[in-house]
Amino acid sequence: MINKHKQKGAEIVEFAMIALLFFAMLFAVIEFSRALFVWNALTEATRRAARMAVVCPVGSPIPAQVAIFDVIGGTLGTSPIIANLTPAMVVVNYSDASANPAFVQVSIDVSAETGYKHTLLIPLWGGPLTFSPATIAFTTTLYSESLGAVPTYPPAPAAATNCKF
């Protein structure tokens, strides 16, 4: 006959061991899902900025604002979708306009000093998760349509290119 007094509380100890493993796996799945969301959002940000940069004048601030999903016209300062992403982290490089074909390359700065850092919601590692530029590059390259050239049609020149979104 088993003494039931020696088994008192065994279920709580077993639950504590299993719950620790369960919640660790649950939080890992949540963090991995968030990291994939941010990865896809950063890729989409470069795509959006490149699509805007190919039709805007060279040096326009509009592609960087579009990249951070700033639909209010440059008044937000940071992205409402991707935490800590600012227009300063969006790098727009234009090829020489005389190059054939001309292109626009948009990337997200992920350098350790000034670049984007993904902060974990649940601090598994204790600090921000940084994307290394040597291993991860968020870049989109598109051939330009105008590269800032303002077309002129007879009889009068066209108005300056406008890039409102």
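The values are calculated or read from the model by the stated rules, or taken from the named source; none is laboratory data. As the structure is a computational prediction, the values presented were derived from the model and not from experiment. Here Cβ is always computed from backbone atoms with ideal geometry, including for glycine, and neighbour counts include all displayed protein chains.
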Odd one out for Val66 among (1) of a type outside the set (Phe, Trp, Tyr); (2) in a helix (DSSP H, G or I); (3) modelled with pLDDT under 85; (4) in contact with a Lys or Arg (Cβ under 7 Å, 6 or more places away or on another chain):
(3)
Does the stretch 86-101 contain any residue that is part of a loop (DSSP other than H, G, I, E, B), at pLDDT 80 or above, within 18 Å of the chain's Cα centre (by Cα) and not charged (D, E, K, R)?
yes
Count of residues meeting criterion [among the acidic types (Asp, Glu) and assigned to a loop (DSSP other than H, G, I, E, B)] in the stretch 19-58:
0
Across the stretch 69-96, what is the total count of residues that are touching a strand residue (DSSP E or B) at 6+ places or on another chain (Cβ under 7 Å) and within 15 Å of Val106 (Cβ to Cβ)?
7
